[in-house]
Amino acid sequence: MILVPSRVEFKVKGQDKLVNIIKRNKNDNCHYIFFGWGENYKSIKKSLNKTNVSLLDKIVSKKILYKLICMSDLVIDQFNLGHYGTI
């Protein structure tokens, strides 16, 4: 499972890079979970119509967030800033 818990904002966070990879990779065995907030969330909701992608329409509590992080194989915060984000 790959968790993307940060806000979906292509300009700042750069998740569009991940979205493009998901769209191109037809034999992907990973399951992606995106949290439901941010400027570009609605655009990925329209474009990522795959069975291996879950889009959570809610922000979860810290307790649930920590559990999801522990269950994940990989947590992706962002690609553009060059340093760790809050997550």
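The values are calculated or read from the model by the stated rules, or taken from the named source; none is laboratory data. Note that the structure is a prediction, hence the values are computed from the model and not measured. In case anyone asks, the SASA skips ligands and DNA or RNA and just uses the protein heavy atoms, side chains included. Shrake-Rupley method; radii C 1.70, N 1.55, O 1.52, S 1.80 Å.
Annotations
- For the stretch 1-62, the convex hull drawn through the C-alpha positions has a volume of 79 cubic angstrom per residue.
- For the chain, calculated [θ]222 nm from helices alone, where every DSSP H run of n ≥ 4 adds -39500 (n - 2.57): -9000 deg cm²/dmol
- Max mean-square fluctuation residue, GNM over the chain, Cα-Cα springs under 10 Å, options Val12, Val53, Val75: Val12
- Quotient of the Cα radius of gyration of the stretch 29-76 and 2.2 N^0.38 Å, N being its number of residues: 1.18.
- Among Ser43, Ser61, Ser72, residue whose mean-square fluctuation peaks in a GNM of the chain (springs only between Cα atoms under 10 Å): Ser61
- Fully extended contour minus Cα-Cα distance, from Lys26 to Leu81, at 0.36 nm per residue: 16.9 nm
- Tyr32 accessible area, 1.4 Å probe, all protein chains in place, Å² to nearest 10: 10
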